[in-house]
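Note sheet for the following structure.
The values are calculated or read from the model by the stated rules, or taken from the named source; none is laboratory data. Just so you know, these numbers come straight off a predicted model, no measurement behind them. We place every Cβ from the backbone using ideal geometry, glycine too, and count neighbours over all the protein chains shown.
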């Protein structure tokens with residue numbers, strides 16, 4: 001490397017050390033002089049030492065950088081131990097941080113500078129997030145940890161082992177695609193669960209309905225139905241919260257369909273956007289009218305990543321995908337409408353994913369969009385039936401009226417789009 005490049009690379013190593021040193025110094029800013037094992041100057045020098053070691057290693061070979069690294073780590077351990085002994089505050093973070101800064105300094109002069117810079121920023125962010133991460137771990141339950149581990153196992157262990165090809169004669173069941181879609185739904189549900197877990201029901205029943213709709217609008221509708229029987233005065237407010245949950249289920253349906261088949265964006269939007277607007281307007285009206293009735297309802301959602309639930313969804317998705325593809329080839333594209341009508345009763349996501357995969361190939365775009373609309377209508381009607389069967393009459397009647405308005409608005413807009421626009 002020429003001298004200009006060498007100065008840039010060594011300067012980057014020094015900058016990484018300064019960045020981490022600023023964070024370390026800020027964390028220990030309350031300590032008196034002499035109590036800190038390392039601060040901004042020490043980490044800056046460690047980064048500079050790493051950069052110079054990498055530069056010299058290109059001339060002398062790997063022995064010199066290795067010797068300097070061992071010596072630096074040894075000295076760091078000794079001084080960190082002596083500084084921690086009086087206050088009985090032992091931690092390996094400072095030593096590991098110094099080793100990371102030294103290694104990034106070497107990368108700065110011998111490898112990709114972008115990787116070194118990114119490593120320095122990420123390391124600093126992790127060090128600065130100490131209190132947030134520790135607080136998160138203190139409040140995290142075993143069920144949440146287990147669910148996160150299940151999701152990671154699904155993504156990085158099981159998924160790479162699955163064949164990425166159809167294994168049936170009709171080309172309807174691709175194990176890799178089915179599992180990937182299962183992971184996508186799981187991740188979306190986990191995001192909603194975390195939102196509810198962090199903010200809590202004290203933010204209001206509207207927020208509870210919104211986050212519940214992200215996790216499972218059907219489960220949320222049923223949960224609110226049970227609450228309405230225990231607190232009848234909240235029936236109107238609960239119907240409003242169930243409405244926003246239903247509206248977000250339509251948003252979720254749109255996101256899934258559009259992500260898999262972008263050609264569905266406009267047809268789906270023509271019906272789902274008006275439906276969501278009706279749901280949202282009704283929700284604000286019902287909750288606003290009943291605010292004086294008081295109180296926020298406690299919403300209890302089961303963890304969406306119990307292994308049994310994950311496997312059931314994957315099985316449902318695989319079965320719907322296989323049946324849809326087979327019947328479309330045997331009976332023609334129009335059969336997807338009947339499949340959607342039945343499949344939408346227990347779950348909207350599975351048929352939306354399956355139909356989106358067929359859109360533009362085995363099934364025309366407008367027919368696929370109509371199938372998603374039929375599945376959404378079937379799912380919404382199912383939730384009204386649950387509301388009537390498990391909740392108060394007021395809760396069921398209000399949710400039924402809102403759902404009827406949604407079906408009329410969405411159906412009319414979709415008909416206008418198909419007839420006059422497309």
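Can you pull out every residue in the stretch 323-365 that is assigned to a helix (DSSP H, G or I), modelled with pLDDT of 80 or more and within 12 Å of residue 378 (Cα to Cα)?
337, 338, 339, 340, 341, 351, listed by residue number.
Among residues belonging to the stretch 348-366 that are free of Cβ contacts under 8 Å to residues at least 60 places away in the same chain and crowded, with 21+ Cβ neighbours inside 10 Å, point out the one that is farthest from residue 314 (Cα to Cα). Before you say what the answer is, go through the steps one by one.
Here is the first cut: in the stretch 348-366, the residues free of Cβ contacts under 8 Å to residues at least 60 places away in the same chain are 350-351, 354, 358, 361-364.
In the following step, the residues that additionally are crowded, with 21+ Cβ neighbours inside 10 Å were identified as 350-351, 354, 358, 363.
Working: 350: 9, 351: 12, 354: 12, 358: 18, 363: 23 Å.
If we take residues in the stretch 348-366 being free of Cβ contacts under 8 Å to residues at least 60 places away in the same chain and crowded, with 21+ Cβ neighbours inside 10 Å, then 363 is farthest from residue 314 (Cα to Cα).
Yes or no, residue by residue, for (1) in a helix (DSSP H, G or I); (2) modelled with pLDDT of 80 or more; (3) closer than 20 Å to residue 308 by Cα; (4) over 16 Å from the mean Cα position of the chain (by Cα):
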residue	(1), (2), (3), (4)
151	yes, yes, yes, no
190	yes, no, yes, no
193	yes, no, yes, no
210	yes, no, no, no
223	yes, no, no, yes
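Among the numbered conditions (1) surrounded by fewer than 23 Cβ atoms within 10 Å (Cβ to Cβ); (2) closer than 17 Å to residue 411 by Cα, tell me where residue 264 comes up short.
In the conditions (1) surrounded by fewer than 23 Cβ atoms within 10 Å (Cβ to Cβ); (2) closer than 17 Å to residue 411 by Cα, residue 264 misses (1) alone.
Evaluate the following for residue 72: is it in a loop (DSSP other than H, G, I, E, B) and either over 16 Å from residue 107 (Cβ atoms) or modelled with pLDDT of 80 or more (or both)? Break it down stepwise before answering.
On the way: in a loop (DSSP other than H, G, I, E, B): no; either over 16 Å from residue 107 (Cβ atoms) or modelled with pLDDT of 80 or more (or both): yes.
The answer is no for residue 72.
Could you go through the stretch 387-400 and let me know if any residue there is in contact with a helix residue (DSSP H, G or I) (Cβ under 6 Å, 6 or more places away or on another chain) and either under 22 Å from residue 182 (Cα atoms) or outside any helix (DSSP H, G or I) (or both). Steps first, answer last, please.
Taking the stretch 387-400 and keeping what is in contact with a helix residue (DSSP H, G or I) (Cβ under 6 Å, 6 or more places away or on another chain), we get 387-388, 390-392, 394-396, 398-400.
Next, only the ones that are either under 22 Å from residue 182 (Cα atoms) or outside any helix (DSSP H, G or I) (or both) stay: 391-392.
Yes: one or more hits.
If you scan the stretch 386-417, which residues turn out to be surrounded by 15 or more Cβ atoms within 10 Å (Cβ to Cβ) and over 18 Å from residue 285 (Cα atoms)?
386, 387, 388, 390, 391, 392, 407, 410, 411, 413, 414, 417
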